[in-house]
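S.K.: The structure under discussion is supplied below as structure tokens; questions concerning it will follow.
The values are calculated or read from the model by the stated rules, or taken from the named source; none is laboratory data. Since the structure is predicted, the reported quantities are computational estimates derived from the model, not experimental observations. Positions of Cβ are backbone-derived with ideal geometry, glycine not excepted, and every protein chain shown enters the neighbour counts.
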Amino acid sequence: MPCNTPIIVALDYPDAQSALQMVDKLDPGLCRVKVGKELFTSTGPAIVEALQHKGYEVFLDLKFHDIPNTTASAVRSAAELGVWMVNVHASGGRRMMEACREILERSAPDVRPLLTAVTVLTSLEQDDLLEVGVDIEPMVQVQRLARLAQECGLDGVVCSAREARALRGALGEDFLLVTPGIRPIESAADDQKRIVTPQQAMENGSSYLVIGRPITCSDTPAKALAAILKTLQR
Ligand code: C5P
């Protein structure tokens, strides 16, 4: 059953059992799932296969960043796992991103994963950028890297929902904007600083909403997901 909602649930768990217990409470028709560095490093490709076996489409959020050949090979391995989306760091540059797109076109032309790029990590502030030699406003750098990702033929970027409106305007309707840092009005902010509600994020032009703790730490995850989806109905 294909998923027809924009919600991607972040499975930020240290082991497979916890992740699988959580998805058993959810419905693959109502959300996709995100496997990040913690879960993948502890459990390996088996977790992706187990989630797919339960009917979930998987966003493999490993944010690859290396020389073009190495990154493209990693992206090809992700495609061989049959993931729905995989991502890289746009700061790896044009040749790296083009190599990733080309290897997907060659090796998985029919059912290739969506390829997205992280622009500037939202944990980085202007001073942090300055320290690594980037002497411009973070938002200018975000726009620059997002445009580069689009030129390289990527499908979209991961960005803050606050950046989504400007990026949607600059990059057009077809470019995917995948946005974390989402909090329903009534939930705790946790460690997220600049939060946006699901409804605001969609209005800003987000394509997909990455949501973790408001769903996974709820006593009733399916109800939390359903309540979020309800706020998105027009
Ligand atoms: O629990 P929460 O909803 O904060 O989870 C958000 C997910 O999105 C986590 O997996 C986190 O690593 C990821 N993420 C983020 N902010 C970014 C990039 C990714 O919160 N800028």
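S.K.: Can you tell me which condition residue 91 does not meet? The list is (1) at pLDDT below 95; (2) in contact with a strand residue (DSSP E or B) (Cβ under 9 Å, 6 or more places away or on another chain); (3) not in a loop (DSSP other than H, G, I, E, B), and all the others hold.
M.R.: Result: residue 91 passes all but (1).
S.K.: If you don't mind, another one. In this structure, does residue 218 turn out to be touching a helix residue (DSSP H, G or I) at 6+ places or on another chain (Cβ under 9 Å), hydroxyl-bearing (Ser, Thr, Tyr) and surrounded by 21 or more Cβ atoms within 10 Å (Cβ to Cβ)?
M.R.: On the way: touching a helix residue (DSSP H, G or I) at 6+ places or on another chain (Cβ under 9 Å): yes; hydroxyl-bearing (Ser, Thr, Tyr): yes; surrounded by 21 or more Cβ atoms within 10 Å (Cβ to Cβ): no.
No, not satisfied.
S.K.: Still on this model: Which count do you get for residues in segment 168-219 that are free of Cβ contacts under 8 Å to residues at least 60 places away in the same chain and among the aliphatic types (A, V, I, L, M)?
M.R.: 10
S.K.: Related question: Scan segment 59-75 for residues that are of a type in the set (Val, Ile, Thr) and either more than 10 Å from residue 103 (Cβ to Cβ) or out of contact with any Cys (no Cβ under 9 Å at 6 or more places or on another chain) (or both) and jot them down. Quick ask: steps written out before the conclusion?
M.R.: Residues of segment 59-75 of a type in the set (Val, Ile, Thr): 67, 70-71, 75.
Once the filter is applied, which keeps residues that are of a type in the set (Val, Ile, Thr) and either more than 10 Å from residue 103 (Cβ to Cβ) or out of contact with any Cys (no Cβ under 9 Å at 6 or more places or on another chain) (or both), segment 59-75 yields 67, 70.
S.K.: Could we say that residue 138 is surrounded by 16 or more Cβ atoms within 10 Å (Cβ to Cβ) and free of Cβ contacts under 8 Å to residues at least 24 places away in the same chain here? Before the answer, list the steps.
M.R.: Numbers: surrounded by 16 or more Cβ atoms within 10 Å (Cβ to Cβ): yes; free of Cβ contacts under 8 Å to residues at least 24 places away in the same chain: yes.
It is true that residue 138 is surrounded by 16 or more Cβ atoms within 10 Å (Cβ to Cβ) and free of Cβ contacts under 8 Å to residues at least 24 places away in the same chain.
S.K.: Which residues, taken from segment 181-234, are among the acidic types (Asp, Glu), at negative phi and at pLDDT below 95? Steps first, answer last, please.
M.R.: Quick first cut of segment 181-234, residues among the acidic types (Asp, Glu) only: 186, 190-191, 203, 219.
Retained after the next criterion (residues that are at negative phi): 186, 191, 203, 219.
Residues satisfying the conditions are 186, 191.
S.K.: Also, quick follow-up: Go through the residues of segment 41-56 one by one and say whether even a single one is within 19 Å of the chain's Cα centre (by Cα), in contact (Cβ under 8 Å) with a residue 24 or more places away in the chain and within 13 Å of the ligand (Cβ to nearest atom).
M.R.: No, segment 41-56 contains no residue that is within 19 Å of the chain's Cα centre (by Cα), in contact (Cβ under 8 Å) with a residue 24 or more places away in the chain and within 13 Å of the ligand (Cβ to nearest atom).
S.K.: Quick one: which residue in 94, 106, 76 is touching a residue at least 40 places away in the same chain (Cβ under 8 Å) and either closer than 22 Å to residue 147 by Cβ or of a type outside the set (A, V, I, L, M) (or both)? Don't jump to the end; show me each part of the working.
M.R.: On the way: 106 fails: touching a residue at least 40 places away in the same chain (Cβ under 8 Å); 76 fails: touching a residue at least 40 places away in the same chain (Cβ under 8 Å).
When all the criteria are applied, what remains is 94.
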